[in-house]
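Take a look at the structure set out below.
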């Protein structure tokens, strides 16, 4: 069984090993972004952008009490925040990457889109809460989604968002209260 | 308030079962990076030859690097053309394309960030240019 640190070392020696990390974390990161945006196309773009960033910067990654998974969640959170801040549609990541068979890739992407859009539609209550959450400031969106949508504990959220647990608790408390009021208005 | 927190935590959320596009995307990303980093070892041959010529100027009286390169051009026309012109030109073109590719892939980053990512490619371009200049003197 290869440990995470061994895997990172292998990737630093041979970038092709990155696919192992990709296969391990793409789905959870994709799920996290989907539960932040509620939109398949935005999620696919942000998730791919997250892994491109991770791939480009992996040589700079070093364990300092932060695992690779936490580092990926941190990049994904930044990418989601950037997306919400700017909202301007950049050229899609998928237009910037060469695929061996673009038609087949688009076919798979379409299948995933149909499946996940159906999944989203089955969770109308979640989407209502998500829409209310999106009206809150970014810092509350980050902590609430990681705590209640992803089920992360305070220690892990504090590491992902690079803040102390005290600050996190007060953000959570205020954020939940603000979200409750917003949800009552719906 | 606690009720609301419980509701948030226990509310059904969209889940992902399988992503069919995942494998192809992984391959495309890895290949893109592989293509962007080119081995600089190919430049070691002309650099070794240059170092040998420089050493020769130290130990053989009345010789200069330029005169030795001219002599090399006369005696080893094709191999000198290959190592001092063709290899550097190919490296300049390929690394220039790699820099453009990384710039494109990383979504038009700031200049400093881009420099951190492509410093090796730029170094290869500079060394290749130096070889071309020295050969053309």
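Here are the criteria: (1) surrounded by 18 or more Cβ atoms within 10 Å (Cβ to Cβ); (2) assigned to a helix (DSSP H, G or I). Tell me which single one residue A:152 does not satisfy.
Going through (1) surrounded by 18 or more Cβ atoms within 10 Å (Cβ to Cβ); (2) assigned to a helix (DSSP H, G or I) one by one, residue A:152 breaks only (2).
For region A:114-140, enumerate the residues that are more than 13 Å from every other protein chain (Cβ to nearest Cβ) and assigned to a helix (DSSP H, G or I).
Those that are more than 13 Å from every other protein chain (Cβ to nearest Cβ) and assigned to a helix (DSSP H, G or I): A:131, A:138, A:139.
Given (1) under 22 Å from residue A:42 (Cα atoms); (2) modelled with pLDDT of 95 or more, identify the lone condition not met by residue A:157.
Tallying (1) under 22 Å from residue A:42 (Cα atoms); (2) modelled with pLDDT of 95 or more, residue A:157 fails exactly one: (1).
Of all residues being part of a loop (DSSP other than H, G, I, E, B) and either away from chain B (no Cβ under 11 Å) or under 15 Å from residue A:79 (Cα atoms) (or both) in region A:1-37, which is modelled with the highest pLDDT? Just the residue, please. Spell out how you get there, then give the answer.
Restricting attention to region A:1-37, the residues satisfying the condition of being part of a loop (DSSP other than H, G, I, E, B) are A:1-3, A:14.
Narrowing the set further to residues that are either away from chain B (no Cβ under 11 Å) or under 15 Å from residue A:79 (Cα atoms) (or both) leaves A:1-3.
Numbers: A:1: 61, A:2: 67, A:3: 76.
My answer is A:3.
How many residues does region B:74-98 contain that are in contact (Cβ under 8 Å) with a residue 12 or more places away in the chain and over 30 Å from residue A:97 (Cβ atoms)?
4
The values are calculated or read from the model by the stated rules, or taken from the named source; none is laboratory data. All figures in this text were calculated on a predicted structure; none of them were measured in a lab. Positions of Cβ are generated from backbone atoms using ideal geometry, with glycine treated the same way; all protein chains shown enter the neighbour counts.
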